[in-house]
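All remarks here apply to the structure that follows.
The values are calculated or read from the model by the stated rules, or taken from the named source; none is laboratory data. Computed from a predicted model, the values in this text were never measured in an experiment. Every residue, glycine as well, gets a Cβ built from its backbone with ideal geometry; the counts of neighbours run over all protein chains shown. Calculation scope for accessible area: heavy atoms of the full protein, side chains included, ligands and nucleic acids excluded. Shrake-Rupley method; radii C 1.70, N 1.55, O 1.52, S 1.80 Å.
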Amino acid sequence: MTDGAALEGWTPEIGKGVPLEEVIDKAFDYRGNVTVVKTDGSETVGYVFNRNRDVAVPFVQMFDADGAGPISIRYADIRTIRFTGRDTAAGSSYAAWLRAKEAAKTAQHPEKGSDPAPSRGA
Amino acid sequence: MSVPLSQMWAIASYVIRQKLAGRERYPLVLMLEPLFRCNLACAGCGKIQYPAQILRKHLTVEQCLAAVDECDPPVVSIPGGEPLMYPEIGPLVKALVARKKYVYLCTNAILLKQKLEAGLFEPSKYFSFSVHLDGLRAEHDEAVCRDGVYVDAVEGIKEALRRGFRVTTNSTLFDGADALRMREFFDTMMDLGVEGMMISPGYSYSKAPDQEHFLRTQRAHDLFSTLLSNPKRRWKFNQSPLFLQFLMGKRDFECTPWGNPTYNVFGWQRPCYLMQEGYAASFKELLETTRWENYGRSSGNEKCRDCMVHCGYEPSAVHHTFASWRGFRDTVQATVTGRF
Ligand code: SF4
Ligand code: SF4
């Protein structure tokens, strides 16, 4: 469970082998909406853009599905996070694009090969 | 070197003031991203990989100006997303120019001609368009994953120049770029009449063995050496010559990401324009609470190991210029001779 594509649809159960901090870190890296389930049973759907555990009261920040926010939620109030939204980064790396292009070219000119491609920043 | 003297002087006097004040960390260029939305979808561009509600968001002009006033750098760069899609871009630029900030509006230029015709901007020594072009027609259209963008961008550049605007270009070079084609690109841009060009290697991060990291860095140095070791006198670069020497492998610097801080709809981005490790609510908080020792090539952070990008290392080069007589002499020498 490390890359975005694999996370889409993940509904972790916090506990044995799946610490909350790790799930929060993955939600922070994830380029799609998630559903934050709180300990009181309420749920917030949206995009987690920040998390900070280097403070006295660790928290996450998110914009909800309508873009309202930022909404701050304490780590202590989170039961789990479900990866419910589409991962907008999945399959759209520069390397993936070059590979697809190269594959199309190779299909036309089967004698040409390809080198591994770099990834794009920003 | 193509940066106008007044701009050079503004930056030089700013850096000297910071040094006299004993400031260890100070901003040179604020990367102000008013929105992430873009009219292109270049493969792998992390700036546009967000859910729809985030792409619909943008900063208000007031938020932008509050960030500029708090950070107070001499230069403000407006990347994105595509800043020409920001509904308040005209008033924002006007307000920044009124504050005597040197503004670089980084655009893919698809909308440039249209916005110029709409009278959105006025020429000023404080204001430049920085047009994203990653090479000649074939290379650029491939880089942005759409045919025809190069032609539109060149049309936009011509129109901006015709109207008396300052125009520069910014190009990202990835592993495998063709140095000879890039040299042709430099000629073409100079023929068009742009004021200067900015180049930077692309940022790539992947877990790899030490040897592969070393080779990547070596390949980047080779590419920039081939590009720049015999520069034509007519080529003008709108960036520090010491940074170009760094790209060629002739100098070593450490990353100073606070020199190019980034502000966007999420807040102040840690630690730099490329990496998102979290956000601070104010520039002060960013400076004081970011663990800067965890970043840069010597930190051992593997995400920083191959990085040579301008937003981390160009401020270091500028800092070096004013840190010693030698740095200053080397900068003047490279500027005057046009050799790196
Ligand atoms: S033009 Fe720039 S911001 Fe837009 S998709 Fe391409 S790289 Fe991203
Ligand atoms: S080395 Fe590169 S990725 Fe790391 S902090 Fe500096 S600019 Fe960012």
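Would you pick out the residues in the stretch B:20-45 that are over 21 Å from B:Ser128 (Cα atoms) and more than 14 Å from every other protein chain (Cβ to nearest Cβ)?
Within the stretch B:20-45, B:Leu20, B:Ala21, B:Gly22, B:Arg23, B:Glu24, B:Arg25, B:Tyr26 qualify.
Can you find, within the stretch A:15-50, the residue that is surrounded by the most Cβ atoms within 10 Å (Cβ to Cβ) among those that are within 13 Å of the chain's Cα centre (by Cα) and charged (D, E, K, R)?
Among them, the one singled out is A:Lys26.
Applying the selection to the stretch B:32-45, what residues are more than 30 Å from B:Ala12 (Cβ to Cβ) and either hydroxyl-bearing (Ser, Thr, Tyr) or crowded, with 18+ Cβ neighbours inside 10 Å (or both)?
The answer is B:Leu35, B:Phe36, B:Arg37, B:Cys38, B:Cys42, B:Ala43, B:Gly44, B:Cys45.
Take B:Ile48 and decide whether it is open to solvent by less than 10 Å² (accessible area, probe 1.4 Å) and either without any contact (Cβ under 8 Å) to a residue 60 or more places away in the chain or within 14 Å of chain A (Cβ to nearest Cβ) (or both).
Answer is no for this residue.
Just wondering, is there one or more residues in the stretch B:233-240 that are under 16 Å from B:Pro27 (Cβ atoms) and modelled with pLDDT under 95?
Within the stretch B:233-240 (the criterion being under 16 Å from B:Pro27 (Cβ atoms) and modelled with pLDDT under 95), the answer is yes, since at least one residue qualifies.
Filter the stretch A:61-85 down to the residues that are in a loop (DSSP other than H, G, I, E, B), modelled with pLDDT of 95 or more, of a type outside the set (S, T, N, Q) and open to solvent by 40 Å² or more (accessible area, probe 1.4 Å) and list them by number.
A:Ala65, A:Asp66, A:Ala68, A:Pro70
Among the residues of the stretch B:172-206, how many are touching a residue at least 60 places away in the same chain (Cβ under 8 Å) and of a type in the set (Phe, Trp, Tyr)?
The qualifying residues number 2.
Test each condition in (1) open to solvent by less than 30 Å² (accessible area, probe 1.4 Å); (2) in contact (Cβ under 8 Å) with a residue 12 or more places away in the chain for B:Leu287 and report the one that comes out false.
(1)
For the stretch B:226-271, enumerate the residues that are under 21 Å from B:Leu5 (Cα atoms) and in a loop (DSSP other than H, G, I, E, B).
Passing the criteria: B:Arg233, B:Arg234, B:Trp235, B:Lys236, B:Asn238, B:Gln239, B:Ser240.
If you go through the stretch B:142-153, how many residues are over 14 Å from B:Thr188 (Cα atoms), of a type outside the set (Gly, Ala, Ser) and open to solvent by 10 Å² or more (accessible area, probe 1.4 Å)?
Counting residues in the stretch B:142-153 that are over 14 Å from B:Thr188 (Cα atoms), of a type outside the set (Gly, Ala, Ser) and open to solvent by 10 Å² or more (accessible area, probe 1.4 Å) gives 5.
Would you confirm whether or not the stretch B:99-117 contains a residue that is away from ligand 2 (no atom under 16 Å from the Cβ), among the polar types (S, T, N, Q) and within 14 Å of chain A (Cβ to nearest Cβ)?
There is at least one residue in the stretch B:99-117 that is away from ligand 2 (no atom under 16 Å from the Cβ), among the polar types (S, T, N, Q) and within 14 Å of chain A (Cβ to nearest Cβ).
Restricting to the stretch B:294-340, name every residue that is assigned to a helix (DSSP H, G or I) and within 11 Å of ligand 2 (Cβ to nearest atom).
B:Asn294, B:Arg297, B:Ser298, B:Ser299, B:His310, B:Cys311, B:Gly312, B:Tyr313, B:Glu314, B:Pro315, B:Ser316
If only one of B:Pro74, B:Pro83, B:Pro79 is within 16 Å of ligand 2 (Cβ to nearest atom) and either within 14 Å of chain A (Cβ to nearest Cβ) or buried (at least 18 other Cβ atoms within 10 Å of the Cβ) (or both), which one is it?
From the options B:Pro74, B:Pro83, B:Pro79, the qualifying one is B:Pro79.
Only one residue in B:Ser77, B:Ser13 is within 16 Å of ligand 1 (Cβ to nearest atom) and among the polar types (S, T, N, Q). Which one?
The conditions single out B:Ser77.
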